[in-house]
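The values are calculated or read from the model by the stated rules, or taken from the named source; none is laboratory data. Note that the coordinates shown come from a computational prediction; the quantities given were computed from them, not determined experimentally. Neighbour counts are summed over all protein chains in view; Cβ atoms, including those assigned to glycine, are modelled from backbone coordinates with ideal geometry. These accessible areas exclude ligands, DNA and RNA; they are computed on the full protein's heavy atoms, side chains included. Shrake-Rupley method; radii C 1.70, N 1.55, O 1.52, S 1.80 Å.
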Amino acid sequence: MRIFKTKTELSSYLSSNSKLSTAFVPTMGALHKGHLELVEKAKSESDIVICSIFVNPTQFDKKEDFNNYPDTLSDDLMRLEEINCDVVYTPAVSDLYGKNEKVKHYDFNGLDRVLEGKFRKGHFDGVVTIIEKFFAIIKPQKAFFGQKDLQQLLIVKALTKKLKLPIQIICIPTVREKSGLAMSSRNKLLNRRELEKATILYKSLLYCRKNSKNLSIQELKENISVCFEEEESLKLEYLAFTNYSNLKSISHLKEEGETAVCIAAFVAGVRLIDNIIF
Ligand code: AMP
């Protein structure tokens, strides 16, 4: 496995392998099975897989969240090596950002202003800025993203369309713990008891799906809110019923496969997200 710390080294490696097809998997490290699934899928579809490990400072609206983000680099490299990832790119901030560089802003027709974009101001400006940089350096044919970050996936698709980049964006279903909890690097910040409490996110989504025919969206939301209020360590930030393709809020359920229910909540101060499409 080749490990590159600078874009110059990575670019020169890629140009000497330009005949091979490339797939890209961006991550912020603290890797879990969800990330590895993305790499495995990418491997099955390309000659070379490039996985980046970079905690992108511009997508954090809170400095303390950025500072607390788990860092397990040596473990991550071991896990990537075990599954035969070809290339890892682990740049320093200075390799990707100039001093005082401003983030980019694109108009995504409101897609970046709802849900995560509403509650984490500027988050998607940071995401598109870094993804555009990665795409320009790596120029992959394919890039793999998880359904867990559904809004990010849709925004990256919109970005490639806007910039007319010849990159296929591929979505991988959310990988879950046995408990149903969506795997997330942030789960590493929770103890056993808290991890158990965190299963409420997925349970809430399943409850919405199961009762979507006999209860209204308003009733579903109210019932879920009550469950969250019963527990002091939990705080529901949003539970949103949306149109899967643009994440616009809906008041009635759509045709099968067109509704996305998205949830964000704090568990013992750690912010988690999840979603379900039905
Ligand atoms: P992150 O390191 O959290 O920025 O995530 C890197 C990529 O892994 C993103 O495309 C995520 O959507 C994806 N990802 C994170 N968690 C999961 C999961 N549980 N299942 C599948 N993909 C995931």
Worksheet item: Between residues in the stretch 160-172 that are open to solvent by 60 Å² or more (accessible area, probe 1.4 Å) and residues that are part of a strand (DSSP E or B), which pairs lie under 6 Å by C-beta distance while being six or more apart or on different chains?
Response: Gln168/Lys142
Worksheet, complete the sentence: Inside the stretch 174-203, the number of residues satisfying the requirement of being open to solvent by less than 60 Å² (accessible area, probe 1.4 Å) and assigned to a helix (DSSP H, G or I) is 10
Practice prompt. Could you check, for the stretch 66-76, whether at least one of its residues is touching an Asp or Glu at 6+ places or on another chain (Cβ under 9 Å), open to solvent by 40 Å² or more (accessible area, probe 1.4 Å) and modelled with pLDDT of 95 or more?
Written response: no
Practice prompt. Could you please let me know if Val103 is within 30 Å of Asn243 (Cβ to Cβ) and more than 16 Å from the ligand (Cβ to nearest atom)?
Written response: yes
Discussion item. If I filter the stretch 35-49 for residues that are in contact (Cβ under 8 Å) with a residue 60 or more places away in the chain, hydroxyl-bearing (Ser, Thr, Tyr) and open to solvent by less than 40 Å² (accessible area, probe 1.4 Å), do I get at least one hit?
Written reply: yes
Worksheet item: Looking only at residues in the stretch 1-34 that are without any contact (Cβ under 8 Å) to a residue 24 or more places away in the chain and in a helix (DSSP H, G or I), which one is surrounded by the fewest Cβ atoms within 10 Å (Cβ to Cβ)?
Response: Ser15
Practice prompt. Hey, can you tell me all the residues within the stretch 139-159 that are touching a residue at least 40 places away in the same chain (Cβ under 8 Å) and either away from the ligand (no atom under 12 Å from the Cβ) or open to solvent by 30 Å² or more (accessible area, probe 1.4 Å) (or both)?
Written response: Lys139, Pro140, Gln141, Lys142, Gln147, Lys148, Asp149, Ala158, Leu159
Worksheet, complete the sentence: Scanning the stretch 232-268 residue by residue, the ones that are crowded, with 21+ Cβ neighbours inside 10 Å and in a loop (DSSP other than H, G, I, E, B) total 1
Practice prompt. Go through the stretch 78-116 and give me each residue that's surrounded by 12 or more Cβ atoms within 10 Å (Cβ to Cβ), aliphatic (A, V, I, L, M) and not in a helix (DSSP H, G or I).
Written response: Ile83, Val87, Val88, Val103, Leu111, Val114, Leu115
Discussion item. Looking only at residues that are of a type in the set (D, E, K, R) and under 21 Å from the mean Cα position of the chain (by Cα) in the stretch 246-272, which one is nearest to Arg120 (Cα to Cα)?
Written reply: Arg271
Discussion item. Condition check: more than 14 Å from the ligand (Cβ to nearest atom), touching a Phe, Trp or Tyr at 6+ places or on another chain (Cβ under 8 Å) and on the phi < 0 side of the Ramachandran plot. Does Ile169 satisfy that?
Written reply: no
